[in-house]
Each structure stands twice: as C-alpha cells, then as structure tokens.
Amino acid sequence: MGFFDQLKTRMAGLQATATTEVAKFKSKDFAKASMAMCALIAAADGTISAEERRKTAGFIGSNEALKVFPPSELQDHFTFYASKLESDYEFGKVEAIATIGKLKKDPPAARAVIQVGIIVGGADGDFDKDEQQAVREACLAVGISPSEFDL
C-alpha cells in the first residue's frame, strides 16, 4: 500500500474516531480549541489563502464530527483565530496554542482536537511538514506526546 493510500486509510479511521469523540465534548472550550487548531493548520505555512478559508469553511459545514456545534459559531471562532494569525502570525500562534492548551486538563478532549487537526491537515491529501509541526506544538500544549499520533 502506497503512502497516500495509507494516509487516506488513516484519515478515514481518525474521522470515524473523531466523530464519536467530539460528540462527547460539546463545550465552548472544545469549540474554540478545535477552530484554533483549524486556523493553525490553515496558517501553518505563514499565510491563510482565500482557498484555505473556503476549504476550512466547507470542512466546518460538512464534517460529521463538528455537527454537534452550530456552524456559524464555529465559523466565528475560526475567523477570530485566523485573523489573529494573519495580523501577527507569532502572536496569533501563541493565542491559538494557549486556547488549545486549555484542554490539557481533559486529555480525551485534547486528543479529539488533535485528531481534528490531523484530519484538516490531511484533507487535501498532503499533510505537509508545516502542518505536522503545528499539530506537534498543539500536542505539547496539551501534554500529549506527538508520537502517539506518529508525528
């Protein structure tokens, strides 16, 4: 099985797990952390293109795992973090990571947010090194070893 086939299979498995897990964590902190993660992934290369915004909006609206939240609320959270990252990437990154870090006291919720990040990063079939690094940093913020996710 080729690398991309393995990635696709792994993403499908993570998607199924994330759908089950996210439903357990219907909270404002989880909603904010998951959208902070989406913004981090979108901005992993230092910018957020209009195409990345469209793809993320599509992901928010269509992802089964996130359907427990109102799409407009998720979009507002994503826009907030994306704007911070676009305005000042390093400062925005600190704020997004801090938001994700609030889930450190709830490891299952933290793992679910990490899974959301991996799904978003791999949605285009290319979970690139910048996206992987963003997920690694999020893992460290919540006290989870990146190796748990093969990062």
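Any read-out appearing in this document is the output of simple, stated calculations on the displayed coordinates, not a laboratory observation. Nothing here was measured: the structure is a model prediction, and the numbers come from that model. Because the Cβ atoms are built from the backbone with ideal geometry, glycine has one as well, and the counts that use them run over all protein chains shown.
Give me the dipole magnitude in Debye, nearest 20, for the stretch 57-151 about the Cα centre, with unit charges on the beta carbon: positive for Lys and Arg, negative for Asp and Glu.
420 debye
With labels modelled as points extended 7 Å from the Cα through the Cβ direction, what inter-label distance (nm, one decimal) is found for residue 49 paired with residue 73?
Between residue 49 and residue 73, the label points sit 3.2 nm apart.
Per 0.36 nm of contour for each residue apart, how much would the distance between residue 57 and residue 151 grow if the chain were fully extended, relative to their Cα-Cα spacing?
Result: 31.3 nm gained on full extension.
Among 28-40, 99-111, how do they line up from the highest to the lowest mean number of other beta-carbon atoms within 10 Å?
28-40, 99-111
Past 22 Å, Cα to Cα: identify those pairs from 84/105; 55/104; 32/55; 28/104; 102/129, in the order given.
84/105; 55/104; 102/129
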